[in-house]
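Student: I have a structure I would like to understand better, so I am pasting it below and will then ask my questions one at a time.
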Amino acid sequence: MLSTVRAFSPQSLINGKKELRLSSFPSSSSSSFTAEKKCKEKILKKKIVSVVAPQQYERKPSTTGTAKNPMTMTEKILARASEKCDVKPGENVWVNADILMINDITCPGIAATFNKEFGSNAKVWDREKIVVIPDHYIFTNDERAHRNVDIARNFSLEQNIKYFYDITDRSNFRANPDYKGVCHIALAQEGHCRPGEVLFGTDSHTTSAGAFGQFASGVGNTDAAFILGTGKLLIKVPPTLRFVLNGEMPSYLLAKDLILHIIGEISMSGATYKAMEFVGTTIESLSIEERMTICNMVIEAGGKNGVVPADQTTYKYLEDKTSAAYEAVYSDGKARFLGEYKFDVSKLEPLVAKPHTPDNRALARDCKDVKIDRVYIGSCTGGKTEDFMAAARVFLAAGKGVKVPTFLVPATQKVWMDLYTLEVPGSGGKTCSQIFEEVGCDTPASPSCAACMGGPRDTYGRLNEPQICVSTTNRNFPGRMGHKEGQIYLASPYTAAASALTGFVTDPRQFLQ
């Protein structure tokens, strides 16, 4: 039997907090036995749920072919994070978290739950693995929104959280050097996303980080509070759906078109509690930001997580982002997938998702008679540097002004800076901001989630009237961007820009060909 084991009774989770102690979930850094010895162990007492393990980046099982059974990427990551030789879909495992992300609207509830269950003097499991990012309701006069950030600040200071990206001066976001913007993009830009790791976040679009070849998934406030105290979470291993995308990407398509096509194909419930793995020559040709767009929206199909195998594109992006050690994993050749979908991307056309669900797929050209009131370019899905570059390309090709109000919300401070400093290819030296100004767009706003989730009435770009909007965001449910009778057409930055130029839902090929 193993010589060093600590255990707790699962019943203690039911009986009350007195039995729920930090020592019940030992650190993964205190073990003296090897992972190989664990793989050979045949018998464990039923009450043992968690055992101590080697150093975090020495978690060997499933990484180099020592697993007994072929596994998918997601299964390998969860096997390593749970210190097991292998795992199977449907199996419940205690997973060690590498990163926990918390935002402004969830931190108050999480902090209160943590203090209630672990004690007012309790300390988080690892202050350097927690990232607190205010981003949702920031640039507003709503005092309750301000209070959320104040609570997040107080909790982060009390716990000495290393990565708290604070904002105190809302009148000028640039006066806040620590403030970043939208959490999912900031996580990537600040080097918190790494292949082979486990990242939990209190936002459903945490799945974005799967673009780096890691397990990334959203959790609720209670689960987040539990992770804060233990560094662990009980996860049911999801089965994996594999999506093979091959073919040359047409010049008028973007990753948003690809994921809208997939969601329309399988429906909003087609991947419920399943991993969605994306492979193929088209995926390999995409940039990290485009891969993030795809993984971002797997939750709109019910997915537990989305994942793209790490490659040289991934490693190149991470070169100046992190010095932390990481180890990528890949699906075995004989891994079992619940299902496989194949697409010839060269045959696809620009798409939109009509109101009021992301799977309400339609060709953009079939919606040419839909008159719109505004366009919104922003969010974790469509507010990255490359998204604005794509919109600028359409405006540049058209050579004319927009016909409806066009709102621009950079995801982060870095994206905002890129709009004013990076030259748009083929523009003769112009930046995005110059092109946007020339065609009559609104001035790029302060980086945040802004109107993507509605927010207080004074939120920039919010739908305060029952208007029709073409948006690069991720959801189009009634009331999502504000007014309950508003109509949102989800689209790529190409299609959004083209629609701004005509005042109707417009296929971008009208300007790009």
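Student: Largest first and in whole Å, give the semi-axes of region 311-465's equivalent ellipsoid, each being the square root of 5 times a Cα gyration tensor eigenvalue. Kindly include the intermediate steps, with their values, before the conclusion.
Tutor: On the way: eigenvalues 186, 113, 68 Å².
Over the Cα atoms of region 311-465, the semi-axes work out to 31, 24, 18 Å.
Student: Sticking with this structure for a sec: Using a 1.4 Å probe on the protein chains only, how many percent of the accessible area of the chain belongs to carbon and sulfur? Present the calculation step by step, with values, prior to reporting the outcome.
Tutor: Numbers: 9580 of 20150 Å².
Looking at the chain in its full context, I get 48 percent from C and S.
Student: Now for a different question. Relative contact order (percent) for region 259-391, with alpha-carbon contacts under 8 angstrom and 6 or more residues of separation? Let's see the in-between values first.
Tutor: On the way: 128 pairs, mean separation 39.1, N = 133.
Contact order relative to length: 29 percent.
Student: Please tell me the relative contact order of the chain in percent, rounded to the nearest whole number, where contacts are Cα pairs under 8 Å and at least six residues apart.
Tutor: On the way: 1231 pairs, mean separation 74.4, N = 513.
Relative contact order here is 15 percent.
Student: Any chance you could run the full-extension gain for THR222 through ASN92? It's 0.36 nm times the residue separation minus the Cα-Cα distance, nm to one decimal. Spell out each step's value before the answer.
Tutor: On the way: separation 130, 0.36 × 130 = 46.80 nm, distance 1.80 nm.
Separation in residues times 0.36 nm, less the Cα-Cα distance, equals 45.0 nm.
Student: At 1.4 Å probe size, with no ligands or nucleic acids counted, give the accessible surface of SER446 in Å², nearest ten.
Tutor: Counting only protein heavy atoms, SER446 exposes about 40 Å² to solvent.
Student: If DNA, RNA and ligands are ignored and the probe is 1.4 Å, what is the ranking of HIS192, HIS261 by accessible area, most exposed first? Mind showing how you got there, number by number?
Tutor: Values: HIS192 10, HIS261 35 Å².
Accessible-area ranking of HIS192, HIS261, largest first: HIS261, HIS192.
Student: Further question on the same structure: Once the convex hull of the C-alpha atoms of region 245-293 is built, how many Å³ does it hold per residue, rounded to a whole number?
Tutor: Details: hull volume 4.0 nm³, N = 49.
Value for region 245-293: 82 Å³ per residue.
Student: Same structure, new question: Within the chain, what percent of beta bridges assigned by DSSP are antiparallel, to the nearest 5? Don't jump to the answer; show the numbers that get you there.
Tutor: Numbers: 13 of 52 bridges.
The antiparallel proportion sits near 25 percent.
Student: Taking 8 Å as the Cα distance limit and 6 or more residues as the minimum spacing, I'd like the relative contact order of region 166-305 as a percentage. Display every interim value, and only then the final one.
Tutor: Numbers: 210 pairs, mean separation 34.3, N = 140.
Answer for region 166-305 is 24 percent.
Student: Now, a different point. May I ask for the Kirkwood hydrodynamic radius of the chain, worked out over all distinct Cα pairs and given in angstroms to one decimal?
Tutor: Details: mean 1/r = 0.0426 Å⁻¹.
For the chain, inverting the mean 1/r across all distinct Cα pairs yields 23.5 Å.
Student: What order do you get for 378-389, 90-101 when each peptide is scored by the mean count of other beta carbon atoms within 10 Å, highest first? Kindly include the intermediate steps, with their values, before the conclusion.
Tutor: Details: 378-389: 27.8, 90-101: 20.6.
Descending packing order for the listed peptides: 378-389, 90-101.
Student: Additional query: Any idea how far apart ASN115 and THR322 come out in nm if each label point goes 7 Å out from Cα toward Cβ?
Tutor: Modelled inter-label distance: 3.1 nm.
The values are calculated or read from the model by the stated rules, or taken from the named source; none is laboratory data. These figures come from a predicted structure and were not determined experimentally. Cβ coordinates were reconstructed from backbone atoms using ideal geometry, including for glycine residues, and neighbour counts include every protein chain displayed. We work out accessible area using only protein heavy atoms, side chains counted, and drop any ligands, DNA or RNA first. Shrake-Rupley method; radii C 1.70, N 1.55, O 1.52, S 1.80 Å.
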